[in-house]
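Below is one structure, written out as structure tokens, with a few remarks after it.
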Amino acid sequence: MTNPFPSVRTVGVFDSGVGGLSVLKAIREKHPTIDFIYIADSGNAPYGSRSAEFIESRASHIADSLIDAGAEIIVVACNTATAIAVAKLRAKLTVPIVAMEPAIKPAVAHTKTGVIGVLATERTIESPTVARLCRDFGQGVNILLQPCPGFVELVERGELSSDYTHEYLRKTVSPLIAQGADTLVLGCTHYVFLEPAIQHIAGPGVHIIESSAAVARQTMRYLGIEKHIDLSEHAGRELFLTTGSPEDAQTIFSQLWGSPVEVLALDNINASSSATG
């Protein structure tokens, strides 16, 4: 797979599926001239209940694909992949890697009731990363760790605001509010697209925190981007790839991105590159 954007700065972003588009949008808002290659591993989503070995293998394969395509920096826009695989990725690769972690530290600083809820996948909830964050920043605070099976699938299907989605979310979110949580952490990039529904269920007095803005700032620091941008130099482009069905992905990508986009099959591109290389 050759670099589709030669001679310009290219950032590779990947997630287990479409959730990482929330991170990509945050980075794009900070810099309109960077080029992005986004890979959704939707053919293997969700990662939340997968084995560590499987997640590490997928993360390694996708990171290699991004580097082959010319990515100068990789953003792991997936809390589960970060928790399970990022250490091995950093040991293996030479490009900078920006990763996610649930925003437990700022949530602890924000809470007034001393109770926060963390919504995440089962793998993230059980990870050493979350255990460390709770240990380092959770003194004197009640941190309610809530796995959310099914949330990723709702986003992958584009079911963001249906009656079914609202009821499904309510069963998970309402008990946290009943226990006094005044701050919720969205510990999965998919959940950002469910934030309006979660906020409606939690009520206006509950603050919701997620990590996409922090990841965008860290990405820009790695790239050394200046605050003053010459928009005439290059109009940033996005290449969207999936390991699932491009036809199915087309609709949900366009819905979440906010405008029509083209989605291509990662495996077809890799096969074409190998055949012509």
| task | Just need a number here: residues in the range 74-96 that are surrounded by fewer than 24 Cβ atoms within 10 Å (Cβ to Cβ) and either free of Cβ contacts under 8 Å to residues at least 24 places away in the same chain or in contact with a Pro (Cβ under 8 Å, 6 or more places away or on another chain) (or both). | result | 4
| request: Residues being more than 19 Å from residue 68 (Cβ to Cβ) and β-branched (Val, Ile, Thr): count how many of those fall in the range 11-33. | output: 4
| request: Considering only the range 182-196, state which residues are part of a strand (DSSP E or B) and out of contact with any Asp or Glu (no Cβ under 6 Å at 6 or more places or on another chain). | output: 183, 184, 185
| said: surrounded by fewer than 19 Cβ atoms within 10 Å (Cβ to Cβ), polar (S, T, N, Q), out of contact with any helix residue (DSSP H, G or I) (no Cβ under 7 Å at 6 or more places or on another chain) and part of a helix (DSSP H, G or I): is that true of residue 199 in this structure? | reply: yes
| Single match in 41, 35 (criterion: under 17 Å from the mean Cα position of the chain (by Cα), among the acidic types (Asp, Glu) and either surrounded by 24 or more Cβ atoms within 10 Å (Cβ to Cβ) or modelled with pLDDT under 95 (or both)) | 41
| task | Report whether or not residue 99 is buried (at least 16 other Cβ atoms within 10 Å of the Cβ) and either more than 14 Å from residue 183 (Cβ to Cβ) or modelled with pLDDT of 95 or more (or both). | result | yes
| Are any residues in the range 159-180 outside any helix (DSSP H, G or I) and either of a type in the set (Phe, Trp, Tyr) or touching a Ser or Thr at 6+ places or on another chain (Cβ under 7 Å) (or both), and if so, which ones? | 159, 180
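The values are calculated or read from the model by the stated rules, or taken from the named source; none is laboratory data. The structure presented is a predicted model; accordingly, all values stated were derived computationally and were not measured. Neighbour counts are summed over all protein chains in view; Cβ atoms, including those assigned to glycine, are modelled from backbone coordinates with ideal geometry.
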